[in-house]
Structure formats: C-alpha cells, structure tokens
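The values are calculated or read from the model by the stated rules, or taken from the named source; none is laboratory data. Just so we're clear, the structure is a prediction, and the values are computed from it rather than from any experiment. Cβ placement follows ideal geometry from the backbone for every residue including glycine, while neighbour counts extend to all protein chains displayed. Just the protein is used for accessible areas: all its heavy atoms, side chains included, with ligands, DNA and RNA removed. Shrake-Rupley method; radii C 1.70, N 1.55, O 1.52, S 1.80 Å.
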Amino acid sequence: MKTKCKICSKIVKGRSDKKFCSSRCKNYYHVNLRKVTTKATAAIDEMLHRNRSILLECLGKSTFQKKIKRTVLEKKNFKFQYHTHSLKNKQGKRYYWVYDFGWMPFSDDYVLVVQQR
Ligand SMILES: [Zn+2]
C-alpha cells in the first residue's frame with residue numbers, strides 16, 4: 001500500500017516508514033504539533049511554574065531544605081495538587097516534585113521543602 005503524506009496527501013516516495021513527502025511538510029507538521037501542545041498545556045504549565053517560584057521564594061537559592069508551615073504556602077496560593085512527579089525515598093516518604101523543587105508532608109502543619117542538589 002502506498003503511503004500518503006500526512007499534510008498534503010501526496011504519495012510518499014522512499015522508505016515505507018516515511019510519513020511525509022518532503023522536509024517542508026515534515027517541518028510544518030512538527031511546528032504545528034508544538035503549537036497545539038503549547039496551547040493545550042499552557043494553563044497547567046503556568047500553575048507548575050508558579051508553584052516552583054513559590055518554593056524557590058520560600059527556600060532561597062542556597063538552602064537545600066527547610067520546614068515550612070503549610071499555611072505559608074497556602075497563603076501564597078500554592079497548589080498542592082500540581083506537581084511534575086513524585087518519588088518515594090528509602091524510608092517510604094513520598095516527595096512531590098515541581099521540576100527541581102520538592103516538598104514532603106512532614107506533619108499536619110508543616111511540609112519539608114527541598115531543592116535538588
Ligand atoms: Zn507533503
């Protein structure tokens with residue numbers, strides 16, 4: 001079966017796994033894909049970026065960990081449910097990361113904010 005270009009529908013010549021007729025169509029596809037992705041993820045990205053800024057502000061550039069009151073983060077409108085990934089350490093404590101900054105539930109009132117070294 002002949003493959004049609006995903007952009008202009010011309011028959012694609014060459015290797016059977018090629019999806020585009022030319023580098024122009026391929027570029028168009030990828031630029032467009034990136035635009036669509038940027039638009040779809042903008043709102044959550046903004047929240048993640050804001051969360052990171054709040055953690056950086058609380059910790060400072062040169063401190064690597066600090067206990068901080070939950071209410072301090074809440075007042076700054078930190079969104080606890082938005083994080084990039086979470087990891088359990090060897091002691092079974094789960095850390096929630098926002099890029100290179102993280103936090104761990106320390107007690108009812110405090111979280112431990114950490115920065116990746
Ligand atoms: Zn094409």
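Each residue, residue 62 and residue 31, gets one label point 7 Å from its Cα in the Cβ direction; the gap between the two is 4.6 nm. In this structure, the pairs whose alpha-carbon distance is over 30 Å, taken from 67/90; 35/67; 39/76; 19/79; 13/39, are 35/67; 19/79; 13/39. Averaged over its residues, the chain has an accessible area of 76 Å² per residue, based on protein heavy atoms and a 1.4 Å probe. Using only Cα atoms and rounding to the nearest 10 degrees, what angle (0 to 90) does helix 23-59 make with the longest principal axis of the chain? Tilt relative to the chain: about 0 degrees. Under the rule a/c < 1.5 gives rounded, and otherwise a/b versus b/c splits prolate from oblate, where does the range 68-117 land using the Cα gyration tensor? Because a/c hits 1.5 or more and a/b fails to exceed b/c, the range 68-117 counts as oblate. Surface composition of the chain: carbon plus sulfur atoms contribute 52% of the solvent-accessible area (1.4 Å probe, protein chains only, all chains present). Normalised by the number of residues in the chain, the mean separation of alpha-carbon contacts (under 8 Å, six or more apart) gives a relative contact order of 19 percent.
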